[in-house]
Amino acid sequence: MEARRESEPTPVHNRTAAERTSERELVVTRTVNGPARLVFDAWTKAELFERWWVPKSFPIKLVSCELDVRVGGKYRLAFAHEGGTVEFFGHYLEVTRPSRLVWTNDEGDAGNVTTVTFEERGGKTLVVVHDLYPSKEALDAAIAEGSTGGMPEQLEQLDQLLGTLAGA
Amino acid sequence: MVQHLRNRLDASFAALSDPTRRGVLERLGRADASITELAEKFDMTLTGMKKHVGILEQAGLIKTQKVGRVRTCTLGARRLEEEMAWIERYRQMWAARFEELDKVVEELKRKEKVDGSKKRE
């Protein structure tokens with residue numbers, strides 16, 4: 001176990017939960033220690049958004065980020081990946097500051113719609129990210145392809161562990 | 001919220017509770033087979049085998065495909081543990097994201113405080 005440095009405050013670890021709630025839906029929930037208006041800013045201002053959407057531990061790097069956050073406005077994210085560029089884009093269907101944001105994911109044929117809600121409770125904000133796929137097949141395919149985001153080595157180890165448990 | 005996963009687990013366990021269905025999985029582990037072939041192998045009526053196959057398919061343990069008049073059964077459309085592992089990866093990706101988001105929000109809070117006290121001066 002690592003010794004905690006006394007000069008630093010105890011880090012507050014809010015749990016991130018992720019579930020497939022139905023054949024077509026994925027839901028991620030997380031509480032953020034801050035008021036909804038600031039959390040909403042971090043999701044809608046490009047200069048803030050690009051600082052957290054792609055953490056340093058990810059195998060890909062964000063090279064550009066344009067967010068035109070208004071109903072019908074477009075967003076476009078470009079990532080450097082294996083020598084090339086991969087783009088993610090879509091448009092906003094709903095923008096209700098500071099409680100609700102809905103956007104499309106238009107890069108594929110069967111794109112999901114992402115709804116994010118920000119619910120403030122006593123200075124903290126419960127963030128719910130809800131992805132609705134057009135069909136069970138579309139979400140199954142996303143899972144099969146791992147298109148919603150690959151992750152590095154330690155997760156391969158987790159896969160192996162799960163594989164071992166399943167095989168037992 | 002965990003209802004979907006629970007339903008799928010229940011479906012998997014229910015499907016595996018029957019010796020004939022476990023036998024069907026074992027048989028499909030060696031090669032694909034039609035419902036007719038499975039019915040013959042397990043000495044059952046076609047209707048009886050269809051029911052077992054339906055339960056296995058519902059649980060996501062097998063998939064079936066109809067070509068002409070023959071329905072062929074294949075093992076494992078996607079196994080549950082694969083989906084669970086994927087969802088855990090997805091969760092960890094979001095957890096990493098939210099950790100970075102925390103830092104941004106902390107900074108915004110500090111800034112707001114400083115700006116607020118400046119205004120009061």
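A short reminder: the numbers here are calculations on the coordinates, not readings from a lab. Predicted, not measured: the structure shown is a model, and the values here were computed from it. Note that each Cβ is placed from the backbone with ideal geometry, even for glycine, and that neighbours are counted across all protein chains shown.
Amide H to amide H, which residues 5 or more places from A:Phe58 or on other chains are under 5 Å from it, using H placed in the peptide plane?
none
Is it possible to state the helix-based mean residue ellipticity at 222 nm for chain B, with each DSSP H run of 4+ residues giving -39500 (n - 2.57), the sum divided by total residues, to the nearest 500 deg cm²/dmol? What is it?
Value at 222 nm, helices only: -24000 deg cm²/dmol.
What's the Kirkwood radius of the range A:17-149 in Å, using all Cα pairs?
Radius from the Kirkwood sum: 15.6 Å.
How do A:Asp68, A:Asp131, B:Asp43 line up, fewest other C-beta atoms within 10 Å first?
Ascending number of Cβ neighbours within 10 Å: B:Asp43, A:Asp68, A:Asp131.
How big is the charge dipole of the range B:78-121 about its Cα centre, in debye rounded to the nearest 20, if each Lys and Arg gets +1 on its Cβ and each Asp and Glu gets -1 on its Cβ?
320
Past 18 Å, Cα to Cα, is the threshold; run A:Lys56/A:Lys124; A:Lys136/B:Lys66; A:Lys45/A:Lys74 against it and keep the listed order.
Distance filter (> 18 Å) returns A:Lys56/A:Lys124; A:Lys136/B:Lys66.
Roughly how tilted is helix B:80-120, in degrees to the nearest 10 and between 0 and 90, from the longest Cα axis of chain B?
10
Angle between the Cα long axis of helix B:46-58 and the longest principal axis of chain B, 0 to 90 degrees, nearest 10?
10
Write down the Å³ per residue value for the convex hull defined by the alpha carbon atoms of the range B:3-75.
Spread over its residues, the Cα hull of the range B:3-75 gives 79 Å³ apiece.
Using the 10 angstrom Cβ neighbour count as an exposure proxy, how do B:Tyr90, A:Tyr92 rank, fewest first?
With the fewest neighbours first, B:Tyr90, A:Tyr92 line up as A:Tyr92, B:Tyr90.
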